[in-house]
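Nothing in this text is a laboratory measurement; each read-out follows from the coordinates by a stated rule. Note that the coordinates shown come from a computational prediction; the quantities given were computed from them, not determined experimentally. Reconstructed Cβ throughout: ideal geometry from the backbone, glycine too, with neighbour counts over all protein chains shown.
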Amino acid sequence: MNNPVHLIFLGPPGSGKGTQAEHLTNQLSFEHISTGVILRTAIDDNSPLGLKARYFVDRGELVPDSLLVDLIRKRLKEIQIAGVGWILDGFPRNIEQAHFLENLLEELSISGVKVIYLNVPDEELTKRLLDRGRKDDNESTVSRRLEVYREQTSPLIDFYQDTHRLLEVDGNTTPELVTATIKSLLAKHT
Ligand code: AMP
């Protein structure tokens, strides 16, 4: 049996992480873990997590790390038992989360994780986000989310580049072409 493949999708809001994770999950056997989807579902359900997260998500801010780390630990453990790979979409989002994940991967003896960085220029991102029309995609949250990405998430590009795990993909093209590019990179690197 092939070893499960583990991927982190990194990139600004609107870069296509969710779409690409879905395409790959449909085509290969991955579990797709999207912290954005988990939080939006919790908010819609008015669950305890949702009630704590809403304030931050509505403002385009990151939710506190403490709301996500136990949940990520539990999911990765369950998926490991199931023996399949995963795509982490939207986590880690800051350097503390990245350190937490490093420790967790060590604890679970998972190595060889690759980071797919979807690179898309800012003008295109704003256009895509405003077209998408999600509840947290109005003009003020969009610009705050891009700012939060630049300040807190983009340092992870260097963090993963330094450890030779970063695979950069031009995300400024059609979804089909991006999927094909990711698949050929994976064939080469995993
Ligand atoms: P996304 O769907 O990935 O764009 O996430 C939507 C919103 O959920 C973000 O703007 C944050 O408010 C929150 N969120 C998602 N992932 C994280 C994370 N790893 N850490 C903190 N907040 C997050």
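Observations, loosely collected:
- Long-range amide H partners of ILE8 with built H, under 5 Å: LEU88, LYS114, VAL115, ILE116
- Size of electric dipole in the chain: Cβ of Lys, Arg +1 and of Asp, Glu -1, about Cα centre, debye, nearest 20: 340 debye
- Inter-centroid distance (Cα atoms) of the stretch 9-31 relative to the stretch 49-77, Å: 20 Å
- Cross-link partners of LYS183 among lysines, defined as those whose alpha carbon lies under 20 angstrom from its own and excluding same-chain residues fewer than eight positions apart: LYS17, LYS114.
- For the chain, with +1 on Lys and Arg beta carbons and -1 on Asp and Glu, the positive-most of HIS189, TYR117, PRO12 along the dipole: HIS189
- Per residue, the average separation of C-alpha pairs within less than 8 Å and at least 6 apart gives the chain a relative contact order of 34 percent.
- With 5 Å bins from 0: P(r) over the chain, alpha-carbon pairs, percent: 1, 7, 16, 21, 22, 18, 10, 4, 1, 0
- Residue-averaged 222 nm ellipticity for the chain, from DSSP H runs of 4+ at -39500 (n - 2.57), nearest 500: -17000 deg cm²/dmol
- Anisotropy class of the stretch 102-190 from Cα gyration tensor, a/c 1.5 cut: oblate
- The mean sequence separation of alpha-carbon pairs under 8 Å and at least six residues apart, normalised by the residue count of the stretch 1-86, gives a relative contact order of 36 percent.
- Of PRO92, PRO155, PRO48, the residue with the greatest mean-square motion in the GNM of the chain, using alpha carbon springs below 10 Å, is PRO48.
- Sum of side-chain charges, PRO4 neighbourhood, beta-carbon under 15 Å (Lys, Arg +1; Asp, Glu -1): +1
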